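**Student:** There's a structure below that I have some questions on.
The values are calculated or read from the model by the stated rules, or taken from the named source; none is laboratory data. Source: prediction; values computed, not measured. A quick note on method: Cβ atoms are made from the backbone with ideal geometry, for glycine too, and the neighbour counts reach across all protein chains shown. Note: accessible area is taken over every heavy atom of the protein model, side chains too, but ligands, DNA and RNA are not part of it. Shrake-Rupley method; radii C 1.70, N 1.55, O 1.52, S 1.80 Å.
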Amino acid sequence: MSEVIQKGKVAKKTSYLMTGVTTKEKNEALALIAEQLIMDQEMILIENEKDLATGKEKGLSESVLDRIMLNQERIEGIAAAIHQVIDLHDPIGEILETINKENGLNIEKKRVPIGVIGIIYEARPNVTVDAATLTLKTGNAVILRGSSSAKHSNIALVRSIHRALENSALPKNAVQLIEDTSRKTAGELFRLNDYLDVLIPRGGKNLIDTVVREATVPVIETGAGNCHIFIDRTAEKEMAEQIVLNAKLQRPSVCNAIESLLIDANWFNQHGSDLMKKLGDNGVQIYADELVRKVIPTAIEATEEDWSSEYLGLSISIKVVDSVEEAIGHINQYGTRHSESIITENTAHAEMFLQHVDAAAVYHNASTRFTDGFEFGYGAEIGISTQKLHARGPMGLAALTSSKFQIKGSGQIRN
């Protein structure tokens, strides 16, 4: 029996035990995990050093190594984040709907755990703890499958989590880690229909596309963000510049940073060169259409691939358009349904954009960088869903739940 199937069976059996745990028991277990991580940090950092050494030997980039790297400050931050989850409202048991029938039947729709959640992710060992604590808080069992680049770190973190759970009311096996990081185990996880209720990929576009294409279990698609800002002809110059620079530069490597900029032709003729200069002064490489390249000689001709690209760095594609309708059409063709924004003083254009752009989060006169579970008031997130079924946008605790109808009667039968 493979590791994936063995741990899938254990997780499924454990998920039934999790349905009876109380909020108090879950919070006490999370507090023990936070405490144990601090106690085990020396062991965790030794294992993390192994991953960093291997990563350097393999020539991983500094940005990837930084995502893998743990230190005392980061472990303390992970522990602090667990306490934030403890403080969050537990959605399990919420009554979503009540129906009292004339025949005396009482029907209640309640929020319940999904069951077994699979998380497949890249590089970041902090996701190991984030995913474990969020799923535990919602009464789920979780199967984690990290990447080979953080293998030793992930094993150490789960070992610490298990130590904590052994002293709690929650079953230790509620958190399972697939230690074999080969492609074979990933493929098995994609098809673990007998034991897995949903699979959530967290990582780059290639990982997400692979999971969506190959998985037979239900998938919540997250993350990829070819996000746009459209500057309409009535946009205030200073506001437009501030929003664009924030959305591109504040943290270029995240999924809610903008990758594409659309500019109304009238606004571009008046203010475009100033905005282009400010982007260039901040080290942004511009890929653009002919109109922009006439103004900015250093801009590179945009290809069809550029309109679809998630650069995750200091690059941007820029196109001049003649109308809000053209901007909406371009976004709906090339966007990844993540976060899109219009900057305009025209109320009708704003409403048209908000209504017709197909994305999880649509903004008027604001940066796309706000698409985040913390910013939306959820306290934490498991990811940002770019699909439409079950969950869409930042996924807080409620997105890790399902619902169940509970019907109480007094002998009713149906005629």
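**Student:** Grab the beta carbon distance between residue 16 and residue 72, set R0 = 41 Å, and tell me the FRET efficiency rounded to 0.05.
**Tutor:** Approximately 0.60, to the nearest 0.05.
**Student:** If I take R0 = 41 Å and measure r between the Cβ atoms of residue 28 and residue 405 in this structure, what FRET efficiency does the formula 1/(1 + (r/R0)^6) give, to the nearest 0.05?
**Tutor:** So, using R0 = 41 Å, E works out to roughly 0.85.
**Student:** Relative to the Cα centre, what is the charge dipole magnitude of the range 162-250, using +1 at the beta carbon of each Lys and Arg, -1 at the beta carbon of each Asp and Glu, and rounding to the nearest 20 debye?
**Tutor:** Once rounded to the nearest 20, the dipole reads 160 debye.
**Student:** In whole Å, what are the Cα extents of the range 89-151 along the three principal axes, biggest one first?
**Tutor:** Cα extents, longest axis first: 60, 19, 13 Å.
**Student:** In sequence order, what are the phi-derived ³J(HN,Hα) couplings for the range 269-285 according to the Karplus relation 6.51 cos²θ - 1.76 cosθ + 1.60 with θ = phi - 60°, rounded to whole Hz, with x for glycine and proline?
**Tutor:** 4, 8, 10, x, 4, 5, 5, 4, 4, 5, 5, x, 5, 9, x, 8, 7
**Student:** Helix 347-356 versus the longest principal axis of the chain: what angle, 0 to 90°, nearest 10, using Cα atoms?
**Tutor:** In the chain, helix 347-356 runs at an angle near 50 degrees to the longest axis.
**Student:** Could you give me D for the range 275-339, from Stokes-Einstein at 4 °C and 1.567 mPa s, where the hydrodynamic radius is the Kirkwood radius over C-alpha pairs? Units µm² s⁻¹, please.
**Tutor:** 103 µm²/s
**Student:** Keeping every protein chain present and rolling a 1.4 Å probe, give me the accessible area per residue for the chain in Å².
**Tutor:** Value returned for the chain: 46 Å² of accessible area per residue.
**Student:** Looking at (i) -0.34, -1.26, -1.46; (ii) -0.54, -1.05, -1.16; (iii) -0.39, -1.11, -1.21, which value of log10 I(q)/I(0) by the Debye sum over Cα atoms at q = 0.07, 0.13, 0.14 Å⁻¹ comes from a calculation on the structure shown?
**Tutor:** (iii)
**Student:** Please give the solvent-accessible surface of residue 168 in Å², to the nearest 10, using a probe radius of 1.4 Å with every protein chain present.
**Tutor:** 30 Å²
**Student:** Which FRET efficiency value, to the nearest 0.05, do you get for residue 323 and residue 301 by plugging their Cβ-Cβ distance into 1/(1 + (r/R0)^6) with R0 = 30 Å?
**Tutor:** Computed FRET efficiency for residue 323 and residue 301 comes out at 0.80.
**Student:** If each of residue 332 and residue 415 carries a label point 7 Å out from its Cα toward its Cβ, how far apart are those two points in nm?
**Tutor:** 5.0 nm
**Student:** Over its Cα atoms, what ratio of radius of gyration to 2.2 N^0.38 Å does the range 32-121 give?
**Tutor:** Dividing the Cα radius of gyration by 2.2 N^0.38 Å gives 1.80.
**Student:** Helix 23-39 sits at what angle to the longest principal axis of the chain, using alpha carbons and giving 0 to 90 degrees rounded to 10?
**Tutor:** So the inclination is approximately 70 degrees.
**Student:** For the range 312-373, what ratio Rg/Rh do Cα atoms give with a Kirkwood hydrodynamic radius?
**Tutor:** Rounded to two decimals, Rg/Rh equals 0.95.
**Student:** Further question on the same structure: Would you mind classifying the range 194-241 by shape? Square roots of the alpha carbon gyration tensor eigenvalues, ordered a ≥ b ≥ c; an a/c under 1.5 is rounded, otherwise it is prolate if a/b is larger than b/c and oblate if not.
**Tutor:** It comes out prolate by the Cα gyration axes.
**Student:** With each label point set 7 Å from Cα along the Cα-Cβ vector, what nm distance links residue 53 and residue 163?
**Tutor:** Label at residue 53, label at residue 163, 2.1 nm between them.
**Student:** Hey, what angle do you get for helix 237-249 against the long axis of the chain, alpha-carbon based, 0 to 90 degrees rounded to 10?
**Tutor:** So the inclination is approximately 50 degrees.
**Student:** Please build a GNM for the chain, connecting alpha carbons under 10 Å apart, and tell me which residue among 389, 157, 312 fluctuates the most.
**Tutor:** Comparing 389, 157, 312 in a Gaussian network model of the chain, the most mobile one is 389.
**Student:** Still on this model: Of all accessible surface on the chain at a 1.4 Å probe, what whole percent is carbon and sulfur?
**Tutor:** C and S atoms contribute 48 percent here.
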